[in-house]
1. So if I check each of 235, 215, 205, which one is touching a strand residue (DSSP E or B) at 6+ places or on another chain (Cβ under 8 Å), at pLDDT below 90 and of a type in the set (Gly, Ala, Ser)?
2. Considering every residue within the stretch 456-464, establish whether at least one is within 26 Å of residue 364 (Cα to Cα) and either within 33 Å of the chain's Cα centre (by Cα) or assigned to a loop (DSSP other than H, G, I, E, B) (or both).
3. Within the stretch 299-354, which residues are within 18 Å of residue 370 (Cα to Cα) and in a loop (DSSP other than H, G, I, E, B)?
4. Checking the structure you have, find out if any residue of the stretch 227-244 is among the hydroxyl-bearing types (Ser, Thr, Tyr), in a loop (DSSP other than H, G, I, E, B) and within 21 Å of residue 377 (Cα to Cα).
5. Modelled with pLDDT of 85 or more, in a helix (DSSP H, G or I) and either over 20 Å from the mean Cα position of the chain (by Cα) or of a type in the set (A, V, I, L, M, F, W, C) (or both), is that true of residue 254?
6. Here is a list: 103, 59, 118. Which entry is at pLDDT 80 or above, open to solvent by 70 Å² or more (accessible area, probe 1.4 Å) and either within 29 Å of residue 149 (Cβ to Cβ) or of a type in the set (Asp, Glu) (or both)?
7. Every residue in the stretch 277-297 that is open to solvent by 40 Å² or more (accessible area, probe 1.4 Å) and among the aliphatic types (A, V, I, L, M), please.
8. Residue by residue through the stretch 124-148, note down the ones that are open to solvent by 20 Å² or more (accessible area, probe 1.4 Å), within 16 Å of the chain's Cα centre (by Cα) and of a type outside the set (S, T, N, Q).
Amino acid sequence: MAVITKEPSHPPPTTESNPISTNGDAGDEPEAEENDNDEEEDVDEADEEEEEFESPATEASNIGITKEKMTKFANRLSSEPIALRVHDVIIKGNIKTKDSVIEAEILNDLKRASTLQEIVQATAIANAKLRQLDIFDSVNFTIDSGPKELPGTANLVIEVTETKNPLTGEIGLFTKPGARSWSLEGGLKLKNLLGYADVWDGSVSYGWDQTTEVSAGVALPRFRHLPSPVFARASLLSQDWLKFSSYKEQALGFGLGLLSTRNHELVYNLTWRTLTDPSQTAGESVRRQLGHSLLSSLKYTFKIDKRNSSLRPTRGYAFSLTTLLAGLNPDSRSARFLRQECDFRYALPLGFYHAALNLGVSVGLIFPWGRGFLDRPSSLPDRFFLGGNTSPVCSLGGPSSVLGFKCRGLGPTEPRRQTRDKPDGDSEVAASERDALGGDLAVSAFADLSFDLPLRILKEAGIHAHVFASTGNLVKLTENEWRKFSPKSFMQSFRTTVGCGVIIPTKLFRMEVNYCHIVRQFEHDHGKTGVQFSFSSPF
């Protein structure tokens with residue numbers, strides 16, 4: 001950002017010793033006027049010759065005078081406030097972008113500025129906001145003198161250069177070690193099509209586990225006089241959970257962002273969801289949830305993240321609270337439930353080897369509402385599932401990860417239905433297979449001690465080590481199961497893992513090579529002691 005200030009220019013003062021004559025008295029002495037003109041011509045010629053042969057010493061003197069003026073101006077800026085207000089904002093270079101988009105990012109701060117120092121500070125903030133729109137290649141501010149008849153004012157000139165290539169694309173290959181699957185994802189973005197800093201995007205994701213998602217949306221960071229960004233998105237999702245819970249999920253949805261600020265987000269979602277069982281092996285609890293359902297929900301998220309890094313936090317804290325209310329329509333097929341998530345993270349620096357102790361706890365609760373809700377089960381896809389190898393240090397997304405366990409690898413299960421058309425050997429295998437049902441109440445916690453390795457080359461690359469402990473549990477509360485709930489029994493049935501590993505951080509994700517030792521697991525859990533790989537992202 002370049003902030004340029006220009007000193008206001010003023011006309012020469014009119015005084016009694018320098019009168020401007022308009023009565024034509026000079027015409028009484030024509031001869032003297034001619035002589036005076038000759039003398040003035042000689043003086044002008046002499047001045048021109050002096051200018052042509054101006055010595056280097058004179059140039060150095062002019063530079064010195066300019067430096068002295070700038071030094072005095074800088075000292076005045078640092079020693080005392082200079083009263084100045086912005087009279088007008090002049091925008092240049094925006095061919096497609098609406099003036100209102102740029103003004104919305106700067107006017108609020110400029111209106112409160114009453115000194116030159118505050119104006120410079122406001123332009124720095126405005127520069128950062130305009131660059132966050134990601135539609136400009138450059139942004140420059142110039143503080144120019146205001147109208148002569150309004151002393152103590154200035155004009156602010158904003159020169160922007162819009163991005164030359166508004167269309168961008170990306171493609172990537174991602175892994176989910178907990179589910180032992182890979183996915184190929186690609187997307188295109190078209191920026192500032194309408195001139196409101198709007199971003200149109202489309203994305204496609206295809207997974208080797210037959211998970212496919214196609215989505216398209218538009219985001220408007222600034223639209224008219226709305227105080228917060230607005231976005232809308234349509235998506236088609238097909239997800240295969242046959243390996244873990246004997247069902248496939250297809251969802252056609254539409255989302256509308258109603259509020260989006262630094263700490264608050266409010267989103268409305270309308271989704272038509274279909275659950276099927278092509279294998280015909282689902283247990284009774286899963287079969288009762290097969291078919292169509294309509295999900296009309298309002299989701300509110302409050303989030304504070306004061307950690308110095310989301311990939312390797314060494315100090316600070318983070319807190320997230322998410323509430324989802326589903327069933328905002330009169331359709332009898334609509335899923336009605338209340339889902340609550342709460343996350344807390346804290347990083348404590350230890351003062352040696354860049355070591356830090358990270359602590360975290362996540363709690364989740366889902367419960368149906370409406371007539372006869374005590375006897376109804378909760379929505380299967382919206383329950384909580386624990387397991388997988390995603391690091392709990394990075395993101396805030398409710399209870400989900402317990403290192404050392406497979407995806408959906410712990411919690412309530414039920415045996416799958418056996419089919420008659422299978423051979424005897426396959427029937428025995430099918431009898432031992434069970435469907436993960438998830439839980440209505442889930443709690444997970446972890447402790448992670450990270451520290452630098454002694455080798456210098458590893459320190460420079462950011463590669464470090466950690467030791468950790470991870471625990472979690474989930475239970476069913478719906479269908480009157482809450483009557484059997486015992487806090488003591490719940491605490492005693494926590495699954496626990498300890499381990500150590502090496503972490504390789506990058507700008508986009510965190511890779512871990514861990515050795516996990518299962519301290520406690522129960523029958524039908526899928527935990528395994530050994531080496532595991534993990535890829536985690538804070539997004």
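The values are calculated or read from the model by the stated rules, or taken from the named source; none is laboratory data. All of these numbers come straight from a predicted model, not from anything done at the bench. With ideal geometry, Cβ positions are generated from the backbone for all residues, glycine too; neighbour counts draw on all protein chains shown. All accessible areas refer to the heavy atoms of the entire protein, side chains included, with ligands and DNA or RNA removed. Shrake-Rupley method; radii C 1.70, N 1.55, O 1.52, S 1.80 Å.
1. 205
2. Checking the stretch 456-464: not a single residue is within 26 Å of residue 364 (Cα to Cα) and either within 33 Å of the chain's Cα centre (by Cα) or assigned to a loop (DSSP other than H, G, I, E, B) (or both).
3. Keep residues of the stretch 299-354 that are within 18 Å of residue 370 (Cα to Cα), which gives 323-340.
327, 328, 329, 330, 331, 332, 333, 335, 336 - these are the residues of the stretch 299-354 that are within 18 Å of residue 370 (Cα to Cα) and in a loop (DSSP other than H, G, I, E, B).
4. no
5. Details: modelled with pLDDT of 85 or more: yes; in a helix (DSSP H, G or I): no; either over 20 Å from the mean Cα position of the chain (by Cα) or of a type in the set (A, V, I, L, M, F, W, C) (or both): yes.
Criteria not met by residue 254.
6. Checking each option against the conditions leaves just 118.
7. The answer is 290, and nothing else.
8. Answer for the stretch 124-148, where residues must be open to solvent by 20 Å² or more (accessible area, probe 1.4 Å), within 16 Å of the chain's Cα centre (by Cα) and of a type outside the set (S, T, N, Q): 128, 129, 131, 134.
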